[in-house]
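What follows is a set of notes on a single structure, which appears directly below.
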Amino acid sequence: MGKSLFQKVWDAHSVRELPNGQTQLLIGTHLIHEVTSPQAFGMLRERGIPVRFPHRTFATVDHIVPTNEVAEPYSDPLAQAMIEELRKNCADHGITFFDTNTGHQGIVHIVGPEQGITQPGTTIACGDSHTSTHGAFGAIAFGIGTSQVRDVLATQTIALNPLKVRRINVDGELAPGVYAKDVILHIIRLLGTKGGTGFAYEYGGSVFDGFSMEERMTVCNMSIEGGARVGYVNPDETTVEYLEGRPYAPKGAAWDHAAERWLSFASDPDCDYDDVVNIRAEDIAPTVTWGITPGQAVFIHENIPSPDDGETESARESISEALEHMSFAGGEPIKGIPVDVAFLGSCTNGRLSDLKEVARFLEGHKVNPRVKAICVPGSQAVGKIAEELGLDRIFKEAGFEWRAAGCSMCLAMNPDKLIGNQLCASSSNRNFKGRQGSPTGRTILMSPLMVAAAAVTGEIADAREVFGILEPAGV
Amino acid sequence: MALENIHLVRGRAVHVPGDDIDTDRIIPARFMKCVTFDGLGEYLFYDTRHTPDGEKKDHPLNDPRFDGASILISGNNFGCGSSREHAPQAIYRAGFRAVIAESFAEIFFGNSIQLGMPCVTADAADLRELAAAVRADPSMTVEIDVKDRVVRFGGEEIPCGLRDGARQSLLEGHWDPIQDLLEGVPEVEALASGLEYMRA
Ligand code: SF4
């Protein structure tokens, strides 16, 4: 019997069994950011424990950095204190820090891959649930809590139980205007927000074979929204090609050897999965959320459900609660609902390919004057290349604000926030109540091009209609 | 440093109803601009407990009858969303020592156990019964027996779920694994030296 990638990587990194029966798992690569690390460094200081493998921890700052001011000190003294704390911790312990003046700062899940730090067959941990993003490279990447950040700093290991593996095949061909974001929103809609509990999701099938690394990252990113702590795609030629020449990728003779080793981590064809799910690409249409969990989603041409559509009492209650927060009646079309804000960015969809794809269609269109539209590159590197390509000009001419790199309006820890009950068309990954900074704010998750369509029309719209993308007959 | 063996959590309880209560709701992100966890307890469920103007709303945690409760009862998929340990820390620092829910999100569960705060599951009907009993008599003592995996209240007893590994960690005082992990460091170094990408 063959082994899955998960098993191979797990076995290669298992140190020993702990007294409580858990595995002590070696974490090859540790990524940290300003929000979940200071308390961990504090705990080390309290106990006088050193950082064991400082060269395997990499830091950046993303959550609190303002994207509309670059000069320090920031207007928010708490944000300033947090960035300084991280600077100090990195300097004290000899940790590489992609600081704001390096040109490499950005959202941690964008920086790791773009630096070539994220590699196949490795284990990665970060005090951030969207660490699952790095699974796109065939790494096993865990989001961890702050006490575990402390554990990794102190020992380069964490205590864990193995996961089961669910293979999710998406076969066929996605229709034009249907993107990786729609694929993952569809998977979560089908399997539920806690369907992945106890599982690692292995994504495969012809759609994933054809996906770029950036598309794979978009899907793996939201594994956590499906309840799976880990999501991954087996490494292949696309993976190797992406990594070649990146700053932290092996060079010269070590390169050939590394590439070969990486590919050997892919799941064996005869491995036994704990569960298999098959999805037809042709069944997926542009998908948008209508509620307050990422699983509450519909295709753009569908209606928002009513409480009566719930099969159980608790499902009916959840629908009612979501409708109440969103101020939707239920039973009405999602298309045509007015939006106030359009947010393009985040670790789900703040990469160069996302910006390029939107710019391709946005040129010549104008943002509806009622809408505040912002475009936030996920990293300084993404921003720089985008500017070299003139994408910033296209966004600005259309009426988008063009920002510096950071998490921005994905969450409410920096100046970008919804106000009151504003409704935001967002390319991010969470639509929880209050997620975007206003307790009564409302978020609708969708692909970047759908965000652009909402910005242009001022309402939830079908990007295929707005931008004249032809659909093949029958979809 | 030996850790406490946690066999039993006993105290008064409060029911915060709802499914999919995510970590943004447990502790809104703006309260995470801090370099220590001290004081987080104050902001537990802040946005559901207060109006946008900061006035207290009708919420079980604002109800003085539940002051001093140390067991939190909730619904399905509790603690979903971000990995922020600020969420279990806020719950713990608000005085809670255990959570009972229909199910828990994985990272939240792990973070809580690591604080020595048991998170046990119960089925929906039993939870409803427990919640009703707590509402009827807020002074009632609820007891979570980690060893026997039952919850006792007002003469009743309902079964509760807790994975073997977590249960054992709590019972044997291994819930915070740092000491055990540190003991393994020589083996860690040996394993790491065999992995090319980990060499300096
Ligand atoms: S972009 Fe959003 S989801 Fe991603 S790391 Fe930043 S806050 Fe978290």
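Does B:Val9 qualify as being more than 9 Å from every other protein chain (Cβ to nearest Cβ) and within 21 Å of A:Ala322 (Cβ to Cβ)? Working first, answer last.
Numbers: more than 9 Å from every other protein chain (Cβ to nearest Cβ): yes; within 21 Å of A:Ala322 (Cβ to Cβ): no.
Criteria not met by B:Val9.
Annotation: B:Arg10 fulfils all but one of (1) surrounded by fewer than 21 Cβ atoms within 10 Å (Cβ to Cβ); (2) free of Cβ contacts under 8 Å to residues at least 60 places away in the same chain; the unmet one is (2). In the condition set (1) over 22 Å from A:Val149 (Cβ atoms); (2) in contact with a Ser or Thr (Cβ under 8 Å, 6 or more places away or on another chain); (3) buried (at least 24 other Cβ atoms within 10 Å of the Cβ), B:Arg97 is compliant with all but (3). Kindly indicate whether any position in the stretch A:383-390 is within 14 Å of chain B (Cβ to nearest Cβ), among the hydrophobic types (A, V, I, L, M, F, W, C), without any contact (Cβ under 8 Å) to a residue 40 or more places away in the chain and assigned to a loop (DSSP other than H, G, I, E, B). No, every residue in the stretch A:383-390 fails to be within 14 Å of chain B (Cβ to nearest Cβ), among the hydrophobic types (A, V, I, L, M, F, W, C), without any contact (Cβ under 8 Å) to a residue 40 or more places away in the chain and assigned to a loop (DSSP other than H, G, I, E, B). Name the single residue that is farthest from the other protein chains (Cβ to nearest Cβ) among those in the stretch A:128-160 being of a type in the set (Gly, Ala, Ser) and within 15 Å of the ligand (Cβ to nearest atom). Only one residue tops the list, namely A:Ala136.
Any residue at all in the stretch A:39-50 that is within 16 Å of the ligand (Cβ to nearest atom) and either open to solvent by 20 Å² or more (accessible area, probe 1.4 Å) or in contact (Cβ under 8 Å) with a residue 24 or more places away in the chain (or both)? Steps first, answer last, please.
So the first thing to find is which residues in the stretch A:39-50 are within 16 Å of the ligand (Cβ to nearest atom), and the list is none.
Checked the stretch A:39-50: no residue is within 16 Å of the ligand (Cβ to nearest atom) and either open to solvent by 20 Å² or more (accessible area, probe 1.4 Å) or in contact (Cβ under 8 Å) with a residue 24 or more places away in the chain (or both).
Looking at B:Phe37, B:Phe45, just one residue is farther than 23 Å from A:Asn429 by Cβ, touching a residue at least 24 places away in the same chain (Cβ under 8 Å) and either within 14 Å of chain A (Cβ to nearest Cβ) or crowded, with 16+ Cβ neighbours inside 10 Å (or both), and that residue is B:Phe37.
For the stretch A:327-369, a residue qualifies if it is in a loop (DSSP other than H, G, I, E, B), open to solvent by 10 Å² or more (accessible area, probe 1.4 Å) and basic (Lys, Arg), and the qualifying residues are A:Lys335, A:Lys366.
Quick test for you: out of A:Arg403, A:Arg370, pick the one residue that is modelled with pLDDT of 95 or more, within 16 Å of the ligand (Cβ to nearest atom) and of a type in the set (Lys, Arg).
Details: A:Arg370 fails: within 16 Å of the ligand (Cβ to nearest atom).
Every option except A:Arg403 fails the conditions.
Here A:Asn414 meets the list (1) among the polar types (S, T, N, Q); (2) within 14 Å of the ligand (Cβ to nearest atom); (3) under 17 Å from A:Ile292 (Cα atoms) almost entirely, failing just condition (3).
Among the residues of the stretch A:424-442, those that are farther than 18 Å from A:His301 by Cβ and over 16 Å from the mean Cα position of the chain (by Cα) comprise A:Cys424, A:Lys433, A:Gly434, A:Gly437, A:Ser438, A:Pro439, A:Thr440, A:Gly441, A:Arg442.
The residue that is farthest from A:Pro77 (Cα to Cα), among those in the stretch B:17-33 that are among the basic types (Lys, Arg) and surrounded by fewer than 24 Cβ atoms within 10 Å (Cβ to Cβ), is B:Arg30. Taken over the stretch A:433-452, the criterion of being open to solvent by 10 Å² or more (accessible area, probe 1.4 Å) and within 11 Å of the ligand (Cβ to nearest atom) is satisfied by A:Arg435 alone.
Where in the stretch A:14-71 are there strands (runs of 3 or more DSSP E), lying fully within it, with 2 or more residues that are at the interface with another protein chain (Cβ under 8 Å from one of its Cβ atoms)?
On the way: elements: A:14-17, A:23-26, A:29-32, A:57-60.
It comes to A:14-17, A:23-26.
Can you name the residue in the stretch A:319-357 that is small (Gly, Ala, Ser) and closer than 24 Å to A:Gly192 by Cβ and, of all such residues, is nearest to the ligand (Cβ to nearest atom)?
Applying the filter and picking the extreme gives A:Ser346.
Tallying residues that are open to solvent by less than 10 Å² (accessible area, probe 1.4 Å), within 16 Å of the ligand (Cβ to nearest atom) and touching a strand residue (DSSP E or B) at 6+ places or on another chain (Cβ under 8 Å) within the stretch A:73-102 yields 1.
Under the condition of being out of contact with any Phe, Trp or Tyr (no Cβ under 8 Å at 6 or more places or on another chain), open to solvent by less than 10 Å² (accessible area, probe 1.4 Å) and within 14 Å of chain A (Cβ to nearest Cβ), the residues counted in the stretch B:119-172 number 3.
So, in the stretch B:178-196, of the ones that are open to solvent by 10 Å² or more (accessible area, probe 1.4 Å) and under 19 Å from B:Asn111 (Cβ atoms), which residue ends up nearest to the other protein chains (Cβ to nearest Cβ)? Restricting to residues being open to solvent by 10 Å² or more (accessible area, probe 1.4 Å) and under 19 Å from B:Asn111 (Cβ atoms), the top hit is B:Asp180.
If you go through the stretch A:363-377 and keep only what is closer than 18 Å to A:Asp340 by Cα and out of contact with any Pro (no Cβ under 8 Å at 6 or more places or on another chain), you end up with A:His365, A:Lys366, A:Val367, A:Asn368, A:Pro369, A:Val371, A:Lys372, A:Ala373, A:Ile374, A:Cys375, A:Val376. When residues in the stretch A:127-152 are screened for being more than 18 Å from B:Leu115 (Cα to Cα) and either assigned by TED's automatic domain parsing to the domain that holds A:Arg430 or in a helix (DSSP H, G or I) (or both), 9 of them pass.
Residue by residue through the stretch B:49-74, note down the ones that are open to solvent by less than 10 Å² (accessible area, probe 1.4 Å) and within 13 Å of chain A (Cβ to nearest Cβ). Please lay out each step first, then the result.
Within the stretch B:49-74, the first condition is being open to solvent by less than 10 Å² (accessible area, probe 1.4 Å), and the residues that meet it are B:69, B:71-74.
Within the stretch B:49-74, B:Ser74 is the sole residue that qualifies.
Which of the residues that make up the stretch A:417-431 are away from the ligand (no atom under 11 Å from the Cβ), part of a strand (DSSP E or B) and closer than 20 Å to A:Val219 by Cα? Spell out how you get there, then give the answer.
Residues of the stretch A:417-431 that are away from the ligand (no atom under 11 Å from the Cβ), as a first pass: A:417-425, A:431.
Those left that are additionally part of a strand (DSSP E or B): A:423-425.
Selection gives A:Ala425 alone.
Criterion first (open to solvent by less than 10 Å² (accessible area, probe 1.4 Å), over 26 Å from the mean Cα position of the chain (by Cα) and either more than 14 Å from chain B (Cβ to nearest Cβ) or farther than 24 Å from A:Arg403 by Cα (or both)) does A:Gln105 satisfy it? Spelling it out, it is not the case that A:Gln105 is open to solvent by less than 10 Å² (accessible area, probe 1.4 Å), over 26 Å from the mean Cα position of the chain (by Cα) and either more than 14 Å from chain B (Cβ to nearest Cβ) or farther than 24 Å from A:Arg403 by Cα (or both). Condition check for A:Val70 on (1) among the hydrophobic types (A, V, I, L, M, F, W, C); (2) over 26 Å from the mean Cα position of the chain (by Cα); (3) open to solvent by 10 Å² or more (accessible area, probe 1.4 Å): one failure, at (2). The set of residues in the stretch B:163-199 that are touching a helix residue (DSSP H, G or I) at 6+ places or on another chain (Cβ under 8 Å), more than 16 Å from A:Leu153 (Cβ to Cβ) and not in a helix (DSSP H, G or I) comprises B:His174, B:Trp175, B:Leu195, B:Arg199.
The values are calculated or read from the model by the stated rules, or taken from the named source; none is laboratory data. The structure displayed is predicted, hence computed values, not measured ones. Quick reminder, even Gly has a Cβ in these numbers, built from the backbone with ideal geometry, and neighbours come from all protein chains shown. All accessible areas refer to the heavy atoms of the entire protein, side chains included, with ligands and DNA or RNA removed. Shrake-Rupley method; radii C 1.70, N 1.55, O 1.52, S 1.80 Å.
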